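Undergrad: Please find one structure pasted underneath; my questions will follow.
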Amino acid sequence: MMRVLIIEDEIKTAEYLQQGLSECGYIVDYALTGADGLHLFRTQEYELVLLDVNLPEKDGWSILQEIRLGSDTRIIMLTASGRLSNKVKGLELGADDYLVKPFEFPELVARIRSVLRRSEKISEADAVQVADLEIDSARRVVYRSGQRIELTAKEFSLLLLLMRNAGVVMTRTQIVSLVWDINFDCDTNVVDVSIKRLRAKIDEPFQNKLIHTLRGVGYVLEDRQ
Ligand code: CA
């Protein structure tokens, strides 16, 4: 049974989502404030969080950042605004998907299934090594030349995708759909920004660069030495 936490201050919406998702077989708790939501999150185990952006006191962005400090639990943001800058912000802060209110309930269920399916796939993986770069998805650690490298949850997912497909060019569209799971304009720079941050950690301090750009196409991770 999958456990879902809803953090949403509109009680009717929270109750409606709880009832609907319970009928789909999920175990669902909800919190009406960010503080209560974080408390539940820290004291219970959840596979997924549905997180409203507009919350009183502590907003959804702060909650998202606090959760991401120590957890890669799947998070879907719920928001009243479809503005692209908000989507980019959510994804860069580590949200897995983004749903604009009002949404149809079946659409929410489809997104939840997709996000959870992807996390199952990710957790199945073993350790992968390319040159002196090693990633272990079970232990969620990355080493380069024997040095441990700290990555954010999204950087980790991105690196895992590139390493599992070492030598294969990944387009921006593929990267967005596999790492962030969202239908998203490819001309946004979220992938480039994330790659830049990843490079700064895993490539820049080292002689042998592993992430290569194919201008206008995407990225490939491979050992070219
Ligand atoms: Ca709200």
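The values are calculated or read from the model by the stated rules, or taken from the named source; none is laboratory data. Predicted model, so just to flag it, every value in this text is computed and none were measured. Backbone-built Cβ (ideal geometry, glycine too); neighbour counts: all protein chains shown. Each accessible area value is taken on the protein alone, full model and side chains, heavy atoms only, with ligands, DNA and RNA left out. Shrake-Rupley method; radii C 1.70, N 1.55, O 1.52, S 1.80 Å.
Undergrad: Once phi is turned into ³J(HN,Hα) by the Karplus curve 6.51 cos²θ - 1.76 cosθ + 1.60 with θ = phi - 60°, what whole-Hz value does each residue of segment 52-59 show in order, with x for glycine and proline?
TA: Once rounded to whole Hz, the list reads 6, 6, 8, 10, x, 6, 8, 7.
Undergrad: Now, a different point. Kindly report, to the nearest 10 Å², the accessible surface of R113 as traced by a 1.4 Å probe over protein heavy atoms only.
TA: 120 Å²
Undergrad: Same structure, new question: Dipole size in debye (nearest 20) for the chain around its Cα centre, Lys and Arg Cβ +1, Asp and Glu Cβ -1? Before the final figure, lay out each step's value.
TA: On the way: 29 positive and 35 negative charges, 153 e Å.
Dipole about the Cα centre, nearest 20: 740 debye.
Undergrad: Same structure again: Could you tell me the calculated FRET efficiency between I27 and R199, based on Cβ-Cβ distance and R0 = 35 angstrom, to the nearest 0.05?
TA: Numbers: r = 40 Å, r/R0 = 1.15.
It comes to 0.30.
Undergrad: Another one. Counting residues in the chain as N, plug N into 2.2 N^0.38 Å and put the Cα Rg over that result. Please list the in-between numbers first.
TA: On the way: Rg = 18.1 Å, N = 225, 2.2 N^0.38 = 17.2 Å.
Computed over Cα atoms of the chain, the ratio equals 1.05.
Undergrad: Would you please give the FRET efficiency between Q129 and V168, computed as 1/(1 + (r/R0)^6) with r the Cβ-Cβ distance and R0 = 25 Å, to the nearest 0.05?
TA: Details: r = 16 Å, r/R0 = 0.65.
With R0 = 25 Å, the Cβ-Cβ based efficiency is 0.95.
Undergrad: Compute the helix-to-body angle for 11-23: its Cα long axis versus the longest principal axis of the chain, expressed 0 to 90° and rounded to tens.
TA: 70 degrees
Undergrad: While we're looking at this one, here's another question. Starting from the Cα-Cα distance between Y143 and S85, subtract it from 0.36 nm times their residue separation and give me the gain in nm to one decimal. Intermediate values should be presented prior to the final figure.
TA: On the way: separation 58, 0.36 × 58 = 20.88 nm, distance 3.30 nm.
In short, 17.6 nm is gained.
Undergrad: Moving on. When the chain is fully extended, how far beyond the present Cα-Cα distance does H39 get from S62, taking 0.36 nm per residue of separation? Spell out each step's value before the answer.
TA: Numbers: separation 23, 0.36 × 23 = 8.28 nm, distance 1.40 nm.
Contour length minus the Cα-Cα distance gives 6.9 nm.
Undergrad: Please tell me which of these pairs span more than 19 angstrom C-alpha to C-alpha: K154/K201; K58/K201; K58/K89?
TA: Pairs exceeding the cut-off: K58/K201.
Undergrad: Express in % the proportion of alpha carbon pairs of segment 31-153 at distances exceeding 16 Å. Please list the in-between numbers first.
TA: Details: 4972 of 7503 pairs.
In whole percent, the share of Cα-Cα pairs in segment 31-153 beyond 16 Å is 66.
Undergrad: For the chain, find the longest principal axis of its Cα atoms and tell me its angle to the long axis of helix 105-124, 0 to 90°, nearest 10.
TA: 40 degrees
Undergrad: Could you work out the relative contact order of the chain, using alpha carbon pairs under 8 angstrom and six or more residues apart, expressed as a whole percent? Intermediate results must be reported in sequence, preceding the final value.
TA: Details: 343 pairs, mean separation 29.6, N = 225.
RCO, the chain: 13 percent.
Undergrad: Express the Stokes-Einstein translational diffusion coefficient of segment 146-225 in µm² s⁻¹, to the nearest whole number, given a Kirkwood radius over alpha-carbon pairs, 37 °C and a viscosity of 0.692 mPa s. Display every interim value, and only then the final one.
TA: Details: Rh = 12.9 Å.
D = 255 µm²/s.
Undergrad: Please compute the per residue accessible area over segment 3-122 with all protein chains in place, 1.4 Å probe, rounded to a whole number of Å².
TA: On the way: 5550 Å² over 120 residues.
Computed with neighbouring chains in place, this is 46 Å² per residue.
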